[in-house]
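The structure appears below as structure tokens.
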Amino acid sequence: MTFELPKLPYRADALEPFLSKQTLETHHGKHHRGYIDKLNKLIDGTEYQDLSLHEIVVAAKEKGDTGIFNNAAQSLNHGFLWESMSPDGGVAPVGPLGDAIDAAFGSIEGFKDAFKTKAVSQFGSGWVWLVVDAGRLAIVQTGNADTPIQRGLQPILTLDVWEHAYYLDYKNDRGGYVDSFLSDRVNWAFAAQNYESAKAAA
Ligand code: MN
């Protein structure tokens, strides 16, 4: 199987002023494309070549195939990232996800504070995630290419906190980047779908 770079689900300038067109074009067209291209080269002719991205992530982690793991996980994480952001974000979630956020974090503001704290305190490159862990919502950090999938957690929403995700627009102000995401660029409809799938699978 040859993996292809998924299209952005919106125009490259659609998330401005949260993220500039230049940032999204570079992040999607150079970084994400680079992971996919490297993965395709690494798995060609190997036991991994007919597996799904998810299967490659799990198998390569188990076997310690670091190069394949890193490129597969980053391919998966970035596909999930583009869906986690939206030009139409900002309206707080209602329904089952809204109720679960209130139960886990007290309120949407409590969720935002907790998410920002984890995003800012991730040392170096990595990701912050809203996940379902044993039926409950939780916020977790992963370093470098690591993904909650390898720990058996179900991702609901993510934000990339590698410097390449925000440095052109925010320089070293990761907190400003996270605030802008949380205030009006979260794809709550995507998060709600993921939450409902996670609950249905439980
Ligand atoms: Mn990235």
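Brief remarks follow.
- Residue check for Ala73: in contact (Cβ under 8 Å) with a residue 40 or more places away in the chain and either outside the structural domain of Ile156 (by TED's automatic domain parsing) or among the acidic types (Asp, Glu) (or both): yes
- Looking only at residues of the stretch 1-39 that are of a type in the set (Ser, Thr, Tyr) and part of a loop (DSSP other than H, G, I, E, B), we find that the one that is nearest to the ligand (Cβ to nearest atom) is Ser20.
- Residue count for the stretch 117-136 under the criterion of being among the hydroxyl-bearing types (Ser, Thr, Tyr) and touching a residue at least 24 places away in the same chain (Cβ under 8 Å): the result is 1.
- Check on Gln150, assigned to a strand (DSSP E or B) and either more than 15 Å from the ligand (Cβ to nearest atom) or at pLDDT 95 or above (or both): no
- The lone exception for Glu47 - which of (1) closer than 18 Å to Trp162 by Cβ; (2) in a loop (DSSP other than H, G, I, E, B) it fails: (1)
- Among the residues making up the stretch 32-70, a single one is charged (D, E, K, R), free of Cβ contacts under 8 Å to residues at least 24 places away in the same chain, surrounded by 13 or more Cβ atoms within 10 Å (Cβ to Cβ) and closer than 18 Å to Thr147 by Cα: Asp65.
- Residues considered: Leu157, Leu130. Of these, the only one that is farther than 23 Å from Ile36 by Cα, outside any helix (DSSP H, G or I), under 14 Å from the mean Cα position of the chain (by Cα) and not assigned by TED's automatic domain parsing to the domain that holds Ala60 is Leu130.
One line per residue, one yes/no per condition, for (1) touching an Asp or Glu at 6+ places or on another chain (Cβ under 6 Å); (2) at positive phi; (3) β-branched (Val, Ile, Thr):
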position: Asp99; (1), (2), (3): no, no, no
position: Gly110; (1), (2), (3): no, no, no
position: Ser121; (1), (2), (3): no, no, no
position: Val131; (1), (2), (3): no, no, yes
position: Thr142; (1), (2), (3): no, no, yes
position: His164; (1), (2), (3): no, no, no
position: Lys171; (1), (2), (3): no, yes, no
position: Phe181; (1), (2), (3): no, no, no
position: Ala189; (1), (2), (3): no, no, no
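- Matching entry among Phe111, Phe105, Phe115, Phe80 (being within 16 Å of the ligand (Cβ to nearest atom) and surrounded by 19 or more Cβ atoms within 10 Å (Cβ to Cβ)): Phe80
- Flag if Ala60 is out of contact with any strand residue (DSSP E or B) (no Cβ under 8 Å at 6 or more places or on another chain) and either away from the ligand (no atom under 15 Å from the Cβ) or outside any helix (DSSP H, G or I) (or both): yes
- Residue match in the stretch 89-98 (condition: surrounded by fewer than 18 Cβ atoms within 10 Å (Cβ to Cβ) and within 16 Å of the ligand (Cβ to nearest atom)): no
- Some residue of the stretch 162-182 being within 15 Å of the ligand (Cβ to nearest atom), of a type outside the set (Val, Ile, Thr) and closer than 23 Å to Glu55 by Cα: no
- Filter result for the condition that a residue is of a type in the set (Phe, Trp, Tyr) and over 15 Å from the mean Cα position of the chain (by Cα), over Phe115, Phe3, Phe80: Phe3
- Across the stretch 160-202, the number of residues qualifying as modelled with pLDDT of 95 or more and either among the β-branched types (Val, Ile, Thr) or not in a helix (DSSP H, G or I) (or both) comes to 11.
The values are calculated or read from the model by the stated rules, or taken from the named source; none is laboratory data. Keep in mind that what you see is a predicted model, and the values were worked out from it rather than measured. Quick reminder, even Gly has a Cβ in these numbers, built from the backbone with ideal geometry, and neighbours come from all protein chains shown.
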